[in-house]
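Down below is the structure, laid out as structure tokens.
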Amino acid sequence: MRRRDLALAFVGLLVAWQLVAWLAKVNVLPGPWPVALALLHALPRGLGLHFLVSGWRVVASVVLAMVTAVPAGLALGQSRLFGRLFSPVVYILYPIPKIVFLPVILLLLGIGNVSKVFMIYLVLFFQILVVVRDAASNLRPELLYSVRSLGAGRRALFRFVYLPATVPAALTALRVSVGTAIAVLFFAESFATTSGLGYYIMVESWGRLAYPEMYAGVVAMSLLGLLLYFIIDGLERRLAPWMFAREA
Amino acid sequence: MMIGIEALTFAYPNQPPVFQDFSWQVAAGEAWAVIGPSGCGKSTLLYLIAGLRQPRAGRLSVSGQPVPRPRASTGLILQDYGLLPWATVWENVALVMRLGRLYRAKSGPPDGSRPYPRADIGADQVDRWLLRLGIADLRDKFPNQISGGQRQRTAIARSLLQQPNLLLMDEPFSSLDALSREDLQRLTIELQRETGVTTLVVTHNIEEAVYMGRRILVLGRAPNTHAWVIDNPGAGAPAYRGRPAYWDKCAELRAALEAGAEAAAAETARVAAAAPAAAATEASGGAS
């Protein structure tokens, strides 16, 4: 995807937004210009801080999920014993919507950062775990035979085969679930808290009918998602360059 | 003796045996081809020798040692998918060097039967093998960016870098186009002569078996109870392919395969008739 195409798409979306705002003519739907002004106005007056708080929460959950789910997924995918023991547990837990545990988590971990980070972590953990497990267990036997025949034992297989094989899988899982993570964050921040973009949108703006400010919050949350998406994209290009190599 | 197989029996779980009371010997430095119909156990035999499968009964030794796990001094080249997709050509070959460093503490003497890869391989040796296999220009390409023939050259370079005394190849060239296939067959013969490595090429292709194997093991339908060997002293000469002797040998091998199929069919009928176990019908051929 070229930068120019991205810029064109961005402008196109702005134009569409403006058109809808003109046609609707309601104050619940301001155009991009007043929202941009509100964003610039609000950023140094609290919104910036809320952005950082939310960003910190997502990044902390993502890092936590990666460092726990990748090894766990590798263990499940690589070891038949682990797989047999824990796969049924994962099978039952995976489809449960983790967000329903939010009330319990709030009660147990309080209304601060810990509960939000844990909530998002819970959602991400299972997404990444399952994808990494499948990537590790779906490795072609020919590849494992070949590397084992070079004298590789378990340690070397882990280092040179399983780990690199799961990097793109983990990043793909992350890319898919980063949207979910921010949605969960929004929900978790929209009550029983005093900081974060969810709080800013629902309590500080929507609550007092300040629509341009509310949209400034929405834009900030979208930017947060976009930023994370870009970072994951960059990581993928850096850590999995063969995925982008042109075929012969 | 490079490979010694005595009274070997092997079966996959819940399946009839692929080998039963099977014996076979390979001397050091020989170039063998193993041929037989699909499902006859050619690849299984290779995996057994590679230490990737364990016999259910009988003895199997390589360089006089049993093979409970793959040994680094046996090279294994498969039809495809043997290269790390995330590593460049250079990195794929250099994997042997990195493995050697990882297991430095365990690395045994550089010769003989080594379970772990050599610890004394340097980057210059990686470069030299890339050059020898004609893939030096591709060093920074990923496997999905190069042709099938180039991928097999990479796999061969990687295997030879660890200076194996046994090279096992499982249908190594069967997914290549005709010209690349002949090219790599010739190259393999050259390398076999240069290094003196014992080679075993599993193939379902009669011409390939006759061109590459100075001795040919013919397997029939499972269970294989008997090593049926055809000697083919003309193989290994680059010009062999054009000679009448080559075509004669191809015809002989084809007849042997057909006879094997008939013998197997007769054997199946005989077993079905619940006759007592006896020696199976045997066609001609110098069993070792």
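Peptide B:156-165 has a mean of 1 when you count, residue by residue, the C-beta atoms of other protein chains within 10 Å of its C-beta. Protection proxy ranking for B:16-22, A:108-114, B:31-37, using the average of other Cβ atoms within 10 Å per residue and placing the highest first: B:31-37, B:16-22, A:108-114. Seen against the Cα atoms of chain B and their longest principal axis, helix B:244-272 is set at about 50 degrees.
I want to verify a result. In a Gaussian network model of chain A, Cα cutoff 10 Å, which of these has the top mean-square fluctuation: A:237, A:133, A:154? Comparing A:237, A:133, A:154 in the GNM, the peak value goes to A:154.
Peptide B:86-96 is shielded by partner chain Cβ atoms: per residue, an average of 3 of them sit within 10 Å of its Cβ.
Restricting attention to chain B, close to 45% of DSSP beta bridges with both partner residues there are antiparallel.
The mean of 1/r over all distinct Cα pairs in the range B:1-74, once inverted, gives the Kirkwood hydrodynamic radius of 12.6 Å. Only Lys, Arg, Asp and Glu carry charge here, each on its Cβ (+1 for the first two, -1 for the last two); on that basis the range B:179-254 has a dipole of about 140 debye about its Cα centre. For the residues A:178, A:20, A:219, a GNM of chain A with alpha-carbon springs under 10 Å puts the largest fluctuation on A:20.
Shielding value for A:137-146 is 5, the average number of Cβ atoms from other chains within 10 Å of each residue's Cβ. Counting every pair of alpha carbons in chain B, the share spaced more than 25 Å apart comes to 48 percent.
Measuring how big the range A:108-193 is from its alpha-carbon positions, Rg and Dmax come out at 18.1, 58 Å. With contributions of -39500 (n - 2.57) from each DSSP H run of at least four residues, the per-residue ellipticity at 222 nm computed over chain B stands at -11500 deg cm²/dmol. Peptides B:52-65, B:132-145 ranked from most to least packed, by the mean per-residue count of other Cβ atoms within 10 Å: B:132-145, B:52-65.
Taken over chain A, the ratio of Cα radius of gyration to 2.2 N^0.38 Å equals 1.22. Within a straight-line Cα-Cα reach of under 19 Å, residue A:98 can be paired with the following aspartates and glutamates, leaving aside sequence neighbours fewer than 8 residues apart in one chain: A:189. Comparing mean-square fluctuations of B:224, B:232, B:14 from a GNM of chain B with C-alpha springs under 10 Å, the top value falls on B:14. Here the range A:3-100 is treated as a Stokes sphere of Kirkwood radius computed over C-alpha pairs; at 37 °C and 0.692 mPa s its diffusion coefficient rounds to 178 µm²/s. Across every pair of non-identical alpha carbons in the protein assembly as shown, the mean reciprocal distance, once inverted, gives a Kirkwood radius of 27.6 Å. Convex hull volume of the Cα atoms of the range B:80-163, normalised per residue: 90 Å³.
When the protein assembly as shown is described by a simple charge dipole with +1 on each Lys and Arg Cβ and -1 on each Asp and Glu Cβ, the residue from A:6, B:40, B:8 located farthest towards its positive end is A:6. Here residue B:249 is the anchor, and the lysines within straight C-alpha reach of less than 25 Å, apart from those fewer than 8 places off in the same chain, are B:42.
We did not get these values from a lab; they are worked out from the coordinates using the rules stated. Everything quoted here is computed from the prediction, not taken from an experiment. Glycine also receives a Cβ, built like all others from the backbone with ideal geometry; neighbour counts cover every protein chain displayed.
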